[in-house]
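Down below is the structure, laid out as structure tokens.
The values are calculated or read from the model by the stated rules, or taken from the named source; none is laboratory data. Predicted, not measured: the structure shown is a model, and the values here were computed from it. A quick note on method: Cβ atoms are made from the backbone with ideal geometry, for glycine too, and the neighbour counts reach across all protein chains shown.
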Amino acid sequence: MGAVMKSPTVTFEEVDREKRMDRARDAERLRIGEITPEALQEENSIFPKDAVIKFDLIAHLERLNHRK
């Protein structure tokens with residue numbers, strides 16, 4: 001059997017610090033004109049700018065109702 005690798009533990013403070021540093025870098029890039037607000041938003045988005053996201057509420061509610 002192979003050795004079990006433990007996942008590193010990351011604290012909330014570490015995640016928060018990294019997020020703050022990312023935001024500070026983003027703000028500096030905006031300030032110096034390296035990137036436009038639109039391009040930064042696209043860069044940080046989980047969905048592409050031209051993505052079309054559809055949600056069929058009626059179908060979703062019907063599926064929930066059939067589970068009962």
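Listed values, structure above:
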{"item": "Subset tally (residues that are closer than 20 Å to residue 41 by Cα and either of a type in the set (Asp, Glu) or not in a helix (DSSP H, G or I) (or both)) for the stretch 10-22", "result": "3"}
{"item": "Neighbours by Cβ (under 9 Å, 6+ apart or cross-chain): first from the stretch 40-55, surrounded by 10 or more Cβ atoms within 10 Å (Cβ to Cβ); second at pLDDT below 90 and of a type outside the set (A, V, I, L, M, F, W, C)", "result": "41/49; 42/48; 42/49"}
{"item": "Every pair of residues 6+ apart whose Cβ atoms lie under 8 Å, when the first sits in the stretch 23-34 and is over 17 Å from residue 45 (Cβ atoms) while the second is among the small types (Gly, Ala, Ser) and assigned to a helix (DSSP H, G or I)", "result": "none"}
{"item": "Any chance residue 28 is surrounded by 10 or more Cβ atoms within 10 Å (Cβ to Cβ) and either over 17 Å from the mean Cα position of the chain (by Cα) or not in a helix (DSSP H, G or I) (or both)", "result": "yes"}
{"item": "Criterion violated by residue 35 - all others in (1) assigned to a helix (DSSP H, G or I); (2) touching a Lys or Arg at 6+ places or on another chain (Cβ under 9 Å) satisfied", "result": "(1)"}
